[in-house]
Amino acid sequence: MAEAHGTGGYSIAAVSKLTGISCHALRVWERRYGFPAPERSPSGHRRYPTEQVGVLREIAAQTQAGHLIGDLIDGYRAGSLTASSLQGGEAVEPLAATVLLDLLSVGDLVGAQAVLDRFLARLAPFEMIERIIEPALVEVGERWFRRESSIYQDRCAVGCVLGQLNRLLDQVRRVNLNPGRRVLVGAVQGELHEGGVLMVSLALELAGWRAIPIGADVPILDFQNAVEAWKPDALALSFVLSRNINKRFAELASITSVPVFVGGRSIVNHQRLARRFCLIPLTGSLAAASAELIAETERWHGRRSRVRSQNNGADSLASPLWNRMVGGNA
Ligand code: B12
């Protein structure tokens with residue numbers, strides 16, 4: 001079983017991911033049955049010892065078979081229920097984000113970078129995004145939502161994680177020597193979230209295209225000007241929030257010289273609206289959405305696709321560069 005190095009245990013979010021038991025249920029069982037019995041970190045957060053996580057996994061499995069929680073906890077206390085073990089691979093990811101954020105919550109940037117470096121040494125850039133960077137950003141959001149962190153802690157964590165994402169993008173760009181098409185990437189005025197912009201840019205660079213990220217909170221007029229001046233082959237925008245989405249879509253409809261893609265969590269509920277304004281909605285995983293962007297851009301420009309899209313899946317990203325970056329698993 002993987003150890004929770006240096007932190008004295010797993011966070012509630014990590015335990016929830018590892019066991020499938022909701023955070024709410026974990027708190028209720030603790031109150032009602034006295035189990036699990038997490039320790040507390042210096043900042044007061046619950047920290048579950050490895051053994052308890054194993055017991056919770058076993059309990060989760062047995063409740064599926066119809067056993068009652070109270071009986072199972074009694075069984076554990078009586079010694080008739082044993083912990084199931086965690087495999088190293090499945091434990092590492094939730095743990096990594098938690099360890100990283102615990103360090104950042106006390107302002108330990110050097111320690112946090114050491115954790116990132118450890119993963120950078122063994123994960124390809126796309127895996128780094130999927131397994132460390134995105135889970136860490138999501139956990140920042142969860143801690144914020146549960147009021148477990150302060151603004152200064154969130155900002156420190158986001159700065160560190162986005163900084164690493166920028167460095168990865170830089171690293172991939174340096175080895176992408178003969179990029180194919182160019183895509184302008186950003187987020188519209190009023191949208192401050194930049195993570196999606198950077199991640200899409202990285203995915204496109206890994207596919208052998210050139211991404212030009214211009215950041216978040218950019219007025220539509222500036223996208224128009226940039227398209228006119230730089231003549232990219234496509235424009236890709238990230239929408240986390242849906243504020244003013246109707247207005248923004250209407251403004252974007254004036255950009256007609258390139259295909260305009262819209263992606264991000266808000267787009268799932270606004271696909272039809274996007275199409276009404278001749279925008280191309282992208283949903284699904286980052287790899288699949290990037291592959292679709294590539295295939296649609298080629299279709300738009302009416303040329304033969306350098307990388308043929310098979311079923312709009314991640315396969316269409318299978319350039320040599322992509323394979324190298326994702327460790328040959330694409
Ligand atoms: C960092 C952060 C901030 C920072 C952003 C700083 C920065 N430089 O980016 C700051 C502090 C500014 C911020 C502010 C706010 N935030 Co905020 N923030 C976050 C946080 C913690 C991380 C965002 C992130 O980078 N996520 C990781 C990225 C990669 O995920 P993603 O954006 O969903 O992108 C993925 C896909 O959607 C896709 N994708 C995204 N874009 C695109 C585009 C294309 C073309 C394609 C193909 C794919 C694609 O690719 C990504 C990989 O899978 C999230 C938590 C979370 N769960 O995401 C909250 C979160 C997004 N924020 C939230 C909120 C509510 C706010 C505020 C309204 C808070 C407030 N009351 O002030 C403000 C709004 C500010 C604004 N006007 O934009 C909510 C949004 C809830 C919702 N509506 O869904 C979240 C989810 C937090 C939460 N748990 O409630 N935030």
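The values are calculated or read from the model by the stated rules, or taken from the named source; none is laboratory data. This structure is a prediction, so every number in the text was calculated from the model and none was measured. All Cβ positions, glycine included, derive from the backbone under ideal geometry; neighbour counts span all protein chains shown.
Contact annotation: residue pairs with Cβ atoms under 7 Å, 6 or more positions apart or on different chains, pairing a residue in the range 191-215 that is under 24 Å from residue 249 (Cβ atoms) and among the hydroxyl-bearing types (Ser, Thr, Tyr) with a partner that is near the ligand (Cβ under 10 Å from one of its atoms) and not in a loop (DSSP other than H, G, I, E, B), are 201/185. Screening residue 163 with (1) closer than 20 Å to residue 287 by Cα; (2) out of contact with any strand residue (DSSP E or B) (no Cβ under 9 Å at 6 or more places or on another chain); (3) of a type outside the set (A, V, I, L, M) gives one miss only, at (1). Can you name every residue in the range 205-226 that is within 9 Å of the ligand (Cβ to nearest atom) and within 16 Å of residue 261 (Cα to Cα)? If the condition is that a residue be within 9 Å of the ligand (Cβ to nearest atom) and within 16 Å of residue 261 (Cα to Cα), then 215, 216 are the ones that fit.
For the criterion of being in a loop (DSSP other than H, G, I, E, B), modelled with pLDDT under 85 and closer than 26 Å to residue 107 by Cβ, residue 44 passes. Restricting the first residue to the range 231-247 and requiring it to be without any contact (Cβ under 8 Å) to a residue 60 or more places away in the chain and under 26 Å from residue 141 (Cβ atoms), which pairs with a second residue that is part of a loop (DSSP other than H, G, I, E, B) and more than 7 Å from the ligand (Cβ to nearest atom) meet a Cβ separation below 6 Å and a spacing of at least six or different chains? Taking only residues 6 or more apart or on different chains, the pairs are 238/187; 245/270. Within the range 1-38, the set of residues being aliphatic (A, V, I, L, M), within 20 Å of residue 97 (Cα to Cα) and modelled with pLDDT of 90 or more comprises just one member, 26.
When the helices (runs of 4 or more DSSP H) confined to the range 67-176 are screened for residues that are surrounded by fewer than 20 Cβ atoms within 10 Å (Cβ to Cβ), small (Gly, Ala, Ser) and away from the ligand (no atom under 13 Å from the Cβ), those reaching at least 2 such residues are found at 69-78, 88-105, 109-120. Can you name the residue in the range 134-159 that is closer than 16 Å to residue 193 by Cα and touching a residue at least 60 places away in the same chain (Cβ under 8 Å) and is also nearest to the chain's Cα centre (by Cα) among such residues? Filtering the range 134-159 for residues that are closer than 16 Å to residue 193 by Cα and touching a residue at least 60 places away in the same chain (Cβ under 8 Å), the one nearest to the chain's Cα centre (by Cα) comes out as 134.
Summed over the range 177-204, residues that are of a type in the set (D, E, K, R) and away from the ligand (no atom under 16 Å from the Cβ) total 0.
Residues of the range 150-209 that are acidic (Asp, Glu) and more than 26 Å from residue 242 (Cβ to Cβ): 170, 205.
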